[in-house]
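A.B. asks: Okay, handing you the structure first.
The values are calculated or read from the model by the stated rules, or taken from the named source; none is laboratory data. The structure displayed is predicted, hence computed values, not measured ones. Note: ideal-geometry Cβ built from the backbone for every residue, glycine included; neighbour counts use all protein chains shown. Side chains are part of the model used for accessible areas, which takes the heavy atoms of the whole protein and leaves out ligands, DNA and RNA. Shrake-Rupley method; radii C 1.70, N 1.55, O 1.52, S 1.80 Å.
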Amino acid sequence: MRQVKPKKNLGQHFLTDLGVARRIADTVDACPDIPVLEVGPGMGVLTQYLVAKPREVKVVEIDRESVAYLREKYGNDAKGKKKESLEETSPDDDWIISADFLRMDLNEVFKGRNFVLTGNYPYDISSQIFFKMLDNKDLIPCCTGMIQREVALRMAAAPGNKQYGILSVLMQAWYDVEYLFTVDETVFNPPPKVKSAVIRMTRNDVTDLGCDWQLFRRIVKTVFNQRRKMLRVSLRQLFSDRQPAAGFYDHEIMTKRPEQLPIAQFVELTNLVAAEL
């Protein structure tokens, strides 16, 4: 089969190290017995190890050339068994989905069933992928895969760390984030200019954050946009058309900077702001 040429506009960097691919595939074993959705399979270096597992697998790929390659390689069956005739196929057999993951209705992929999200994620849209995961957190108890190392460090960072930021707070509010291992740039075609890392995120026990989630997100993004300022300064832009009650800025938490706050204090802060709004 003719190889797929990596496309710069899609941020494609094809993994060539089979040992790394197998290690990434094995990260989904932390959430057994549910289907797996792989994002951006490319030529299937990760896919080949996922479909060998005793679970349902689907892949979604925006690149039509990669879709054609995968369909030629695997046929209609994720386990590599081609159907004898068209009569043996059904819409559910089309496990290779030609679509933009960011525009998909994830409830339709496995008919409302929970699934593991995994992949060698394109660097330029990895944050968007994870924000979509958050919007579908009740469907996705586990997410694994490879991303830019810098992004992985931010997602796993603890309060007080200079890498602790928007992604850290929003992800850790609902998921336990594990930085698993670093991947060198030399195992890709073409090699990216940065190192990569493999992470795993597993849903925590939180079912109710204890505050308004949309306001929580807004506050986190607002204060980290001025991360070096105290909260009593950065929060003022939320009250551009009104003034909060006297004493609002006197709360002890207002003297802190956003990187100092654990999730629980962001919840406390959100409820303080909600009372004023």
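A.B. asks: Could you list, in sequence order, all residues of region 163-172 that are surrounded by fewer than 21 Cβ atoms within 10 Å (Cβ to Cβ) and hydrophobic (A, V, I, L, M, F, W, C)?
C.D. replies: Correct list: I166 only.
A.B. asks: Taking the conditions exactly as written (free of Cβ contacts under 8 Å to residues at least 24 places away in the same chain and outside any loop (DSSP other than H, G, I, E, B)), does R217 satisfy them or not?
C.D. replies: Numbers: free of Cβ contacts under 8 Å to residues at least 24 places away in the same chain: no; outside any loop (DSSP other than H, G, I, E, B): yes.
Judged against the criteria, R217 is not a match.
Results for (1) touching a strand residue (DSSP E or B) at 6+ places or on another chain (Cβ under 6 Å); (2) under 26 Å from P32 (Cα atoms); (3) part of a helix (DSSP H, G or I), shown as yes or no for each residue.
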position	(1), (2), (3)
I125	no, no, yes
Q128	no, yes, yes
F131	no, yes, yes
L139	no, yes, no
T144	yes, yes, no
P159	no, no, no
Q163	no, no, no
S168	no, yes, yes
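A.B. asks: Still on this structure, please answer the following. I need a count of the residues in region 1-34 that are at pLDDT 95 or above and crowded, with 18+ Cβ neighbours inside 10 Å. Step through it out loud before you land on a result.
C.D. replies: Keep residues of region 1-34 that are at pLDDT 95 or above, which gives 18-29, 34.
The next check asks that each one be crowded, with 18+ Cβ neighbours inside 10 Å; those that pass are 20-21, 24-25, 27-28.
Going through region 1-34 one residue at a time, the tally reaches 6.
A.B. asks: Here are V194, V183, V206, V220: which of them is under 30 Å from G145 (Cβ atoms) and in contact with a Leu (Cβ under 7 Å, 6 or more places away or on another chain)?
C.D. replies: Values: V194 fails: in contact with a Leu (Cβ under 7 Å, 6 or more places away or on another chain); V183 fails: in contact with a Leu (Cβ under 7 Å, 6 or more places away or on another chain); V206 fails: in contact with a Leu (Cβ under 7 Å, 6 or more places away or on another chain).
That would be V220, the only listed residue that is under 30 Å from G145 (Cβ atoms) and in contact with a Leu (Cβ under 7 Å, 6 or more places away or on another chain).
A.B. asks: Sticking with this structure for a sec: Being free of Cβ contacts under 8 Å to residues at least 24 places away in the same chain and either of a type in the set (F, W, Y) or under 16 Å from L153 (Cβ atoms) (or both), is that true of even one residue in region 186-198? Full working, then the answer.
C.D. replies: Residues of region 186-198 free of Cβ contacts under 8 Å to residues at least 24 places away in the same chain: 186, 193.
Filter once more, so that each one left must be either of a type in the set (F, W, Y) or under 16 Å from L153 (Cβ atoms) (or both): none.
No - not one qualifying residue is present in region 186-198.
A.B. asks: So if I check each of E276, E268, E252, which one is modelled with pLDDT of 95 or more, open to solvent by 20 Å² or more (accessible area, probe 1.4 Å) and not hydrophobic (A, V, I, L, M, F, W, C)? Talk me through it step by step, then tell me what you get.
C.D. replies: Details: E276 fails: modelled with pLDDT of 95 or more; E252 fails: modelled with pLDDT of 95 or more.
The conditions single out E268.
A.B. asks: Residues of region 119-131 being under 23 Å from V220 (Cα atoms) and open to solvent by less than 30 Å² (accessible area, probe 1.4 Å), which ones?
C.D. replies: Hits for region 119-131 are S126, I129, F130.
A.B. asks: Need pairs with beta-carbon distance below 8 Å; first residue modelled with pLDDT of 85 or more and within region 227-246, second open to solvent by 70 Å² or more (accessible area, probe 1.4 Å); sequence gap 6+ or separate chains.
C.D. replies: R227/R257; R228/R257; K229/R257; M230/R257; L231/R257; S234/N225; L238/R218; L238/L277
Matching residues to (1) more than 19 Å from Y123 (Cβ to Cβ); (2) hydroxyl-bearing (S, T, Y); (3) assigned to a loop (DSSP other than H, G, I, E, B); (4) under 18 Å from the mean Cα position of the chain (by Cα):
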{"site": "L37", "(1), (2), (3), (4)": "yes, no, no, yes"}
{"site": "P41", "(1), (2), (3), (4)": "no, no, yes, yes"}
{"site": "P54", "(1), (2), (3), (4)": "yes, no, yes, no"}
{"site": "V60", "(1), (2), (3), (4)": "no, no, no, yes"}
{"site": "E65", "(1), (2), (3), (4)": "yes, no, no, no"}
{"site": "L70", "(1), (2), (3), (4)": "yes, no, no, no"}
{"site": "K73", "(1), (2), (3), (4)": "yes, no, no, no"}
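A.B. asks: Of the residues D212, D176, D184, D208, which is under 30 Å from L46 (Cβ atoms), open to solvent by 80 Å² or more (accessible area, probe 1.4 Å) and within 28 Å of the chain's Cα centre (by Cα)?
C.D. replies: Numbers: D212 fails: under 30 Å from L46 (Cβ atoms); D184 fails: open to solvent by 80 Å² or more (accessible area, probe 1.4 Å); D208 fails: under 30 Å from L46 (Cβ atoms).
Within the list D212, D176, D184, D208, the selection yields D176.
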